[in-house]
Amino acid sequence: MDNPLYDNTHRAFLQALLASQTLTFPQAQTLLAKVQTAADPSRPVPPNDILREEFTSYITALNEAISPFDFEIRSTIHQIRTGEEVWALVNVQSDGVTQMATHLGVEELGFLRRVLDRMFETNNTQAREVMAVTGQEALQCARVGSGRESGVGATQGEESQARVVCITQVQAEKVLAGLVKEGWFEESRKGWYSLSPRALMELRGWLVDTYNDPPDEDGEEDEEEARHQNIKFCAACKGIVTVGQRCPQLACAARLHDHCVGKMWAAQGRREECPSCKKEWKEPGMVGEKAARRGRPSAGAGAARPSNGRRRTSGMNTDGAADEESSDD
Ligand SMILES: [Zn+2]
Ligand SMILES: [Zn+2]
């Protein structure tokens, strides 16, 4: 590459991002320090010397280099580890769920699709907005009959014609472990699987197309209507909410990430009211695995957890922060 602003340290950084799938700023500091030290061993760089501006300039340069290939490094705030910003390499031309699993066969993709249906339909009702599945529920999806069975790819008609086939429990465990390892799924300490920040960034369009009703003719969302949309967005940051708070009015579609609540009140001149229905935001409901506790118990998530699902990559699991509030059981 001719660009003098794109050198070997950029290449090494991109390779590392490819391997880890996602990065936080502290992880990027460590990585860039290593990469720069390797490039010039006579001048070792400590991680703290990597400032935010330098990191940002790396991201900008890399995005310029990878955009012809329909990739982009994007960032989002982790919903569970509140306030933690996460960067991920995202395929801009994502073709949906097949993107998550290019190496999976048709049967395995069907299984993945049933897990997602369980997450965003079965476990995502007006009364109970969990948007996650227990290990046991996920394994139940190995059997056919637990999802909408509408073919795995929106574009490939052949697949919906193919007979939908069950996969074995062992295969299902392997697929799940792979999805966690590749950074598409996260597994909480209580054994719930949910979509990772990376998956939410990459699958945003697909999730909306797949699980929401198309907008009205006039293209506007009618907030007065109590129509239930499966995928809802944060009133503050517009990101998808799969973990967070919901308006105390059950029929109201307003959602907020936990880390966006403060920003919302500040933007409303300190009025702690729903940005949509204007009712008081008092004792809001939960979105995420916490929403499951009130209803049905999770039937011992640990019992059916895939035995090899515990292996993880680079500490990108959800354990840490969920623990802050998990002592209330
Ligand atoms: Zn938000
Ligand atoms: Zn409301």
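The values are calculated or read from the model by the stated rules, or taken from the named source; none is laboratory data. Quick caveat, the model's predicted, so the values are computed rather than measured. Here Cβ is always computed from backbone atoms with ideal geometry, including for glycine, and neighbour counts include all displayed protein chains. Just the protein is used for accessible areas: all its heavy atoms, side chains included, with ligands, DNA and RNA removed. Shrake-Rupley method; radii C 1.70, N 1.55, O 1.52, S 1.80 Å.
How many residues are within 19 Å of Gln79 (Cβ to Cβ) and open to solvent by 40 Å² or more (accessible area, probe 1.4 Å) when one looks only at the stretch 260-283?
So in the stretch 260-283, the residues within 19 Å of Gln79 (Cβ to Cβ) come out as 260-265, 275, 281.
Still in the running and open to solvent by 40 Å² or more (accessible area, probe 1.4 Å): 262-263.
Number satisfying all stated conditions: 2.
When the stretch 74-110 is examined, which residues are found to be outside any strand (DSSP E or B) and either of a type in the set (Lys, Arg) or out of contact with any helix residue (DSSP H, G or I) (no Cβ under 7 Å at 6 or more places or on another chain) (or both)? Full working, then the answer.
Our first condition is that a residue be outside any strand (DSSP E or B); within the stretch 74-110, this holds for 78-84, 92-110.
Result: Gln79, Arg81, Glu84, Val92, Gln93, Asp95, Thr102, His103, Gly105, Glu107, Gly110.
Any chance you could count how many residues in the stretch 241-259 are in contact with a strand residue (DSSP E or B) (Cβ under 6 Å, 6 or more places away or on another chain) and either open to solvent by 40 Å² or more (accessible area, probe 1.4 Å) or free of Cβ contacts under 8 Å to residues at least 60 places away in the same chain (or both)?
Summing the residues that are in contact with a strand residue (DSSP E or B) (Cβ under 6 Å, 6 or more places away or on another chain) and either open to solvent by 40 Å² or more (accessible area, probe 1.4 Å) or free of Cβ contacts under 8 Å to residues at least 60 places away in the same chain (or both) in the stretch 241-259 gives 4.
Test of understanding: among Val144, Val106, Val97, which residue is under 17 Å from Val175 (Cα atoms), modelled with pLDDT under 95 and in contact with an Asp or Glu (Cβ under 7 Å, 6 or more places away or on another chain)? If you could, list the steps in order and put the result at the bottom.
Details: Val144 fails: in contact with an Asp or Glu (Cβ under 7 Å, 6 or more places away or on another chain); Val97 fails: in contact with an Asp or Glu (Cβ under 7 Å, 6 or more places away or on another chain).
Criteria check complete, one pass: Val106.
Only one of these conditions is not met by Ile66: (1) within 26 Å of Phe185 (Cα to Cα); (2) not in a helix (DSSP H, G or I). Which number is it?
Of everything listed in (1) within 26 Å of Phe185 (Cα to Cα); (2) not in a helix (DSSP H, G or I), Ile66 misses just condition (2).
Residues checked against (1) farther than 24 Å from Ala138 by Cβ; (2) surrounded by fewer than 17 Cβ atoms within 10 Å (Cβ to Cβ):
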position: Thr56; (1), (2): yes, yes
position: Asn63; (1), (2): yes, yes
position: Ile66; (1), (2): yes, yes
position: Asp70; (1), (2): yes, yes
position: Ile80; (1), (2): no, no
position: Ala101; (1), (2): no, no
position: Gly105; (1), (2): no, yes
position: Leu112; (1), (2): no, no
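May I ask you to list the residues in the stretch 111-141 that are assigned to a helix (DSSP H, G or I) and in contact with a Leu (Cβ under 9 Å, 6 or more places away or on another chain)?
Our first condition is that a residue be assigned to a helix (DSSP H, G or I); within the stretch 111-141, this holds for 111-122, 135-140.
If the condition is that a residue be assigned to a helix (DSSP H, G or I) and in contact with a Leu (Cβ under 9 Å, 6 or more places away or on another chain), then Phe111, Leu112, Val115, Leu116, Met119, Phe120, Gly135, Ala138, Leu139 are the ones that fit.
Would the stretch 79-87 turn up any residue that is free of Cβ contacts under 8 Å to residues at least 24 places away in the same chain and among the hydroxyl-bearing types (Ser, Thr, Tyr)? Can you show your working first?
Applying the first criterion (free of Cβ contacts under 8 Å to residues at least 24 places away in the same chain) to the stretch 79-87 yields none.
Looking for residues that are free of Cβ contacts under 8 Å to residues at least 24 places away in the same chain and among the hydroxyl-bearing types (Ser, Thr, Tyr), one finds none in the stretch 79-87, hence no.
Could you list, ordered by first residue, the pairs with Cβ atoms under 9 Å in which the first is in the stretch 261-280 and of a type outside the set (Asp, Glu) and the second is within 16 Å of ligand 1 (Cβ to nearest atom) and in a helix (DSSP H, G or I), at least 6 apart or interchain?
Arg271/Trp265; Pro275/Met264; Pro275/Ala267
Limited to the stretch 236-257, what total is found for residues that are more than 16 Å from ligand 2 (Cβ to nearest atom) and modelled with pLDDT of 95 or more?
Qualifying residue count for the region: 3.
Here is a list of conditions, (1) surrounded by 17 or more Cβ atoms within 10 Å (Cβ to Cβ); (2) touching a residue at least 24 places away in the same chain (Cβ under 8 Å), and Phe25 meets all of them except one; can you say which number that is?
(1)
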